[in-house]
Amino acid sequence: MHLSFLSLRVIIGSLEHLLPIGIAVLFTFYIIRFVKHPSNQKYQSIIFKGLTGFVSLSVLSFHIYYMCFKSYDVKTDLPLYLCSLIAILIPFFSIYRKYWMFEILVFWIIAGTLQGVITPDIAVGFPSLDYFRYWIVHLGLLSIIFYAIFVFKMKPKFKSVFKSFFALQLYVVLIVLINSLLDANYFYLNEKPKSASLLDYFGDWPYYIIMTQLIIIPLFLLIYLIFYLTSYRKIKV
């Protein structure tokens, strides 16, 4: 999100960058450990719904607040960036817990959200609302998907790579249409983000879009390989 009235950005490697990551890692580790204990397994579904609800409400509350009290531009501020959109819709996954949802989300979240965690695109640092929204979305989604993996034992299959890829193409087509209607740059399809990102290594428009498309399936396959090798090792043991 790029709110026009903010200018300062979080520096990569700073305390503002690393501290929330550390907190999220510890939180995710202990919450998974808590619900996996035999005496607490009855809380697994409740806590999962609570996590997804918190992330979703945080994003919705942020946008409602800025719509009502701040400058809000539909060309830049709608929750249409992939992570924000997932964050709003993620409660449906916790309610229905359909495997096809997991197949799509596991690659979108791990591949997309990790990039946002490594190279944060935050308009202004602590203690702004945008700062908290950004980390709740990105780190919250990672906590949710790891919760599904380690608590509910959900694992992607080889064909899940391609299901997630084609679902992503549908999202891209939708955003292209919205960008055309609003003269916007959602999902950075018309211009790279202002802050440092991995896209900086892929050249200018449209080359960075082409390069990104070319590496998506290999990246998804790499993520799948981690699951495959982990499962294979368990079988061997």
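Any read-out appearing in this document is the output of simple, stated calculations on the displayed coordinates, not a laboratory observation. Given the structure is predicted, the values throughout are model-derived calculations rather than measurements. FYI the Cβ positions are ideal-geometry reconstructions off the backbone, even for glycines, and counts take in every protein chain you see.
The convex hull built on the alpha-carbon positions of region 83-126 has an orientation-averaged projected area of 3.7 nm².
Put in line by how crowded their Cβ is, counting other Cβ atoms within 10 Å and starting with the fewest, Arg33, Arg97 read Arg33, Arg97. Past 27 Å, Cα to Cα, is the threshold; run Lys36/Lys98; Lys49/Lys153; Lys157/Lys192 against it and keep the listed order. Listed pairs above 27 Å: Lys157/Lys192. With the convex hull of the Cα atoms taken as the outline of the chain, the averaged projected area works out to 13.9 nm². Fewest neighbouring Cβ atoms within 10 Å first, the residues His63, His37, His138 line up as His37, His63, His138. Taking packing as the residue-averaged number of other Cβ atoms within 10 angstrom, the listed peptides 131-137, 40-46 run from highest to lowest as 131-137, 40-46.
Annotation: the residues Tyr147, Tyr72, sorted from fewest to most other C-beta atoms within 10 Å of their own C-beta, follow the order Tyr72, Tyr147.
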